[in-house]
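Working notes, beginning with the structure itself.
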Amino acid sequence: MIAIQDASFVRLGYSGDETFAEVEVTASGFDAPLIATFKREADGSWSLTNVTEKRDDHLLDWYENNLHEAYPSAMERLFGAGSDGETTRRSFAEQVLRFGDVRERLEEAMYYGS
C-alpha cells in the first residue's frame, strides 16, 4: 500500500471536450510530488487517468520544455502490471480522493468550472 502524506487539489485541465482534475500528492517513497489526474465518469464517479512525478526545475523548464522530463510517468512504479496493479491503482485513487477535502474541492471545481 502506498502511504499518502499530503494531497491537495491543484487545478482543472481540459483536453478536447473532456475536463480533468489535477491533485498534487506527497507519497512515501517519492522524492518529488506526484500529480494525480482524475476524470469524471458518466455515473459521477472519479477515475484515475494518470500519475506523473513533478520534477520541474524552473531554471531549465521555464519554457515548458518536455526534453528535460519535468513530468515523467509514475504509473508503472506505483502500480506495476497485472491485476494486482489495478487493485493498487483503485486503492491509491480512493486514498487520494479521501484525503482531507480533496473530493469536496474536485466536486466544487467541476460545479463552478474553475
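Return the residues of region 1-39 that are in contact with an Asp or Glu (Cβ under 9 Å, 6 or more places away or on another chain) and of a type outside the set (A, V, I, L, M, F, W, C); say none if nothing qualifies.
The answer is D6, S8, R11, G13, E24, T26, D31, P33, T37, K39.
Go through (1) surrounded by fewer than 18 Cβ atoms within 10 Å (Cβ to Cβ); (2) modelled with pLDDT of 95 or more and name the single condition V102 misses.
(1)
Take the residues of region 1-28 that are under 20 Å from E94 (Cβ atoms) and out of contact with any Leu (no Cβ under 9 Å at 6 or more places or on another chain): which is most open to solvent (accessible area, probe 1.4 Å)?
We begin by selecting, within region 1-28, every residue under 20 Å from E94 (Cβ atoms); these are 1-10, 20-28.
Pick out the ones that are also out of contact with any Leu (no Cβ under 9 Å at 6 or more places or on another chain) and you get 1, 3-6, 8, 10, 28.
Details: M1: 198, A3: 48, I4: 29, Q5: 113, D6: 77, S8: 54, V10: 70, S28: 52 Å².
Looking at residues that are under 20 Å from E94 (Cβ atoms) and out of contact with any Leu (no Cβ under 9 Å at 6 or more places or on another chain), I get M1.
Is there any pair linking a residue in region 95-113 that is among the basic types (K, R) to one that is modelled with pLDDT of 95 or more, with Cβ under 6 Å and at least six apart or on different chains, and which?
Here the result reads R103/L97; R105/F9, each pair linking region 95-113 to a residue that is modelled with pLDDT of 95 or more.
Look at E94 and say whether it is modelled with pLDDT under 75, over 18 Å from D31 (Cβ atoms) and either under 14 Å from the mean Cα position of the chain (by Cα) or open to solvent by 50 Å² or more (accessible area, probe 1.4 Å) (or both).
Details: modelled with pLDDT under 75: no; over 18 Å from D31 (Cβ atoms): yes; either under 14 Å from the mean Cα position of the chain (by Cα) or open to solvent by 50 Å² or more (accessible area, probe 1.4 Å) (or both): yes.
Taking the combined requirement at face value, the residue does not satisfy it.
I'm trying to understand the selection: among the residues of region 1-29, which are within 10 Å of the chain's Cα centre (by Cα) and among the charged types (D, E, K, R)?
Matches in region 1-29: E22, E24.
Considering region 42-72 alone, what residues qualify as being open to solvent by less than 80 Å² (accessible area, probe 1.4 Å), on the phi < 0 side of the Ramachandran plot and modelled with pLDDT of 80 or more?
S45, W46, S47, L48, T49, N50, V51, T52, E53, K54
The values are calculated or read from the model by the stated rules, or taken from the named source; none is laboratory data. Quantities reported herein were computed from a predicted structural model and do not represent experimental measurements. Backbone-built Cβ (ideal geometry, glycine too); neighbour counts: all protein chains shown. Accessible surface areas use protein heavy atoms only, side chains included; no ligands, DNA or RNA. Shrake-Rupley method; radii C 1.70, N 1.55, O 1.52, S 1.80 Å.
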